[in-house]
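Written below as structure tokens is the structure these notes are about.
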């Protein structure tokens, strides 16, 4: 019997029991759709995570000494910039969480940040209205503020906030700019619900000091990021008198470090989803094996007749393998379409990019075929080993 006849015979056998075939395919459909959703969500997450991480700043580093209770000052900023040519921009950074700010009879709780004029370029932040800090604002400890879009919405609604005064604690600040919408970071940090002021003003008016525990740096290019990190690390070890062999008492973070951490989390979630998908595929495969074994039993007499008129063992085995693979492939195709649909709906609501990956479809087809062959082999082998005379006698 040629392949075409075997295929037609297999399809005819499957269509005789449409409901049973459909129910058998459900496990494969769920498993394959899980693979499609898993791969798609993984790719979308990587794109989304990369975008969130780079709100941290391209070619950027942050150095924090807060855990050690150590401080840096303005002379460190000058010295670092002068010593290491790979540093393009540098800015102090200070923060006070959950501070109450007021505008007339309205108030909200948000984070207050003190930064230098270079901070905005390091972080890639721009104003949608007004302007950013200038060096004269820093040097003159100006009582000015740049606010996030969420602060504008909650305190000013549709009113133009430029030139208006807000109160941070008891300190009046004139709003000079509103930042463009940034959203949240990968870690959930809200970049729109913030108030920024010159770090000199922050130190003088809020903290009453002249030092800071964190700085942001932008390297001249991507290849210099880790070199800058190593140089700053050596500088601070010398400044804080850390002996050879002793660990750092400060932290140096780069955008690459954060991206790697985010990718590690994404990959861990992808492995978890892969485990769930594999369980679904296994259950679907067991269902196919069960139905094919039932089919062999029901069609024992038919198998005997085929053998009696000349069908060989390999013909019988191939016929049942084709039935098993066809059942799995139909479930796979439906699973691919369902998976793409579910994936599209999910990314639509979470506002992630839709990334179509041909490799995911190929992977799904491969798994569907593999499941059909693996779980269909035993029933096919059992069918091919039936004795013609005993099969013909079977009732």
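Rule-based calculations on the coordinates, nothing more; no lab input. The structure presented is a predicted model; accordingly, all values stated were derived computationally and were not measured. Positions of Cβ are generated from backbone atoms using ideal geometry, with glycine treated the same way; all protein chains shown enter the neighbour counts.
Label separation (residue 222 vs residue 157): 4.7 nm, computed from points 7 Å beyond Cα along the C-beta direction.
Let me check I have the definition right: for region 66-249, take the eigenvalues of the Cα gyration tensor, multiply each by 5, take square roots. What are those semi-axes in whole Å, largest first? Write down the numbers at each step before the final one.
On the way: eigenvalues 198, 60, 46 Å².
Over the Cα atoms of region 66-249, the semi-axes work out to 31, 17, 15 Å.
Pop the C-beta distance of residue 369 and residue 22 into the FRET formula with R0 = 22 Å and round what comes out to the nearest 0.05. If you can, show how the numbers build up before the last one.
Numbers: r = 19 Å, r/R0 = 0.88.
It comes to 0.70.
How far, in nm, would the chain grow between residue 208 and residue 241 when pulled straight, counting 0.36 nm per residue and subtracting the alpha carbon separation?
Details: separation 33, 0.36 × 33 = 11.88 nm, distance 2.65 nm.
Answer, rounded to one decimal: 9.2 nm.
Given a Förster distance of 56 angstrom, what is the FRET efficiency for residue 135 paired with residue 342, based on the Cβ-Cβ distance and rounded to 0.05? Intermediate values should be presented prior to the final figure.
Details: r = 53 Å, r/R0 = 0.94.
The calculated FRET efficiency here is 0.60.
One chain, two ends: residue 282 and residue 268. Fully extended at 0.36 nm per residue, the span grows by 2.9 nm beyond their Cα-Cα distance. For residue 314 and residue 70, the difference between the fully extended length at 0.36 nm per residue and the C-alpha to C-alpha distance is 80.0 nm.
Note on region 65-153: Cα-Cα pairs beyond 17 Å make up 61% of the total pair count.
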